[in-house]
Amino acid sequence: MSVHLTEPENLVLQARDVRFDWSQVPLHWIPGDPVATHLVNVLHLLLPAGEEWFVRVFKEAVPHIADDRLREDVLGFIGQEAVHASSHDGVLDHFMEQGLDVRPFVRQAEFLFEGLLGDRNLTGDRKRAWLYERISLIAAIEHFTGVLGDWILNAEALDEAGADPTMMDLLRWHGAEEVEHRHVAHDLFMHLDGSYPTRLRAMAETITMLATLWHRGHRFLMAADPVVKGRIKGGVHHLRRTGPAGLTPDGRMVAASVRRYLKRSYSPLNEGSTSQALAYLASSPAAQAALR
């Protein structure tokens, strides 16, 4: 569970220009556990295309924002998400150097976000409705990224398993920023639309999309891994072992977070701790190097 300290007020979101040296990071960065490693690695396959899509949609939304503070938060969110996308691209380059060709699956992710969920050259009310629909999806996705960010900040089992410190810093820096800005997409959706049925529909669509992508992504990684060579078939059923072991998020925890999201009274600020996130960012080697 998160450590809930006194929460800061009037926080200004800022992008941190982080850098990571992947040269010494092993392919199976959770030692001896390619299954758990690749369940987390699916994130790297999805996030560059997904977060670049977030940035495009939110830039389109900025002129529609009538609240100055929310506009400032959205601009901070855009800056952070752009750095996240480029940082995970670096991991994909490292996978390629280690003989794990991720390009086929990355192309599928890019087709989803750029093609199916991209700009449709609409005008007027239809253009605005499609913008609001995509913002509702991003708000639902950002619920999960906030929950995952809170999880990784507290995932002591990964440290105990000897997970690579550079990869852990990437995941915890990213997770801390997801917790830091976890309210922005929901606030934007509520500001522009706020429809409860739309919020429910977006969550149903998001669960279906993410579960499918995670299953397909893990099967792809296990088949493409040059060490495993498909000897172990991938799939989300492996979460039944890795979740309770603390090496990946636990399904019951995620399901409980969805039930909270479905309440009319839901607030992202009740998920995770901004203070804990800022405390990690104050100690993260990459975030501190970026300050210097």
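Each part reduced to its alpha carbon centroid, region 145-209 and region 66-109 end up 14 Å apart. Highest mobility in the GNM of the chain, judged by mean-square fluctuation with C-alpha springs under 10 Å and restricted to Asp193, Asp67, Asp17, is found for Asp67.
For region 252-292, the gyration tensor built on C-alpha atoms gives a prolate shape. Its axis ratio a/c (a ≥ b ≥ c) is at least 1.5, and a/b is the larger of a/b and b/c. Sparsely packed loop sites in region 14-103 (the GluC sites (Glu not before Pro) outside DSSP H, G, I, E and B with at most 16 other Cβ atoms within 10 Å) do not occur. Considering all projection directions equally, how large on average is the shadow of the alpha-carbon convex hull of the chain, in square nanometres? Reported value for the Cα convex hull: 14.8 nm². Using the rule -39500 (n - 2.57) for each DSSP H run of four or more residues, divided by the residues of the chain, the 222 nm mean residue ellipticity is -21000 deg cm²/dmol.
Compute a Gaussian network model of the chain, connecting alpha carbons closer than 10 Å, and tell me which residue from Ala49, Ala185, Ala224 fluctuates the most. With Cα springs under 10 Å in the chain, the top fluctuation among Ala49, Ala185, Ala224 is at Ala224.
Overall dimensions of region 162-292, expressed as equivalent-ellipsoid semi-axes from the Cα gyration tensor (√(5λ), whole Å, largest first), are 28, 24, 13. In a reduced charge model with +1 at each Lys and Arg Cβ and -1 at each Asp and Glu Cβ, the chain shows a dipole moment near 1140 debye about its Cα centre. Length gained on full extension, His237 to Asp67: 56.8 nm, using 0.36 nm per residue less the C-alpha separation.
The numbers here are math on the coordinates, done by the rules we state, and not lab data. Just so you know, these numbers come straight off a predicted model, no measurement behind them. Note that each Cβ is placed from the backbone with ideal geometry, even for glycine, and that neighbours are counted across all protein chains shown.
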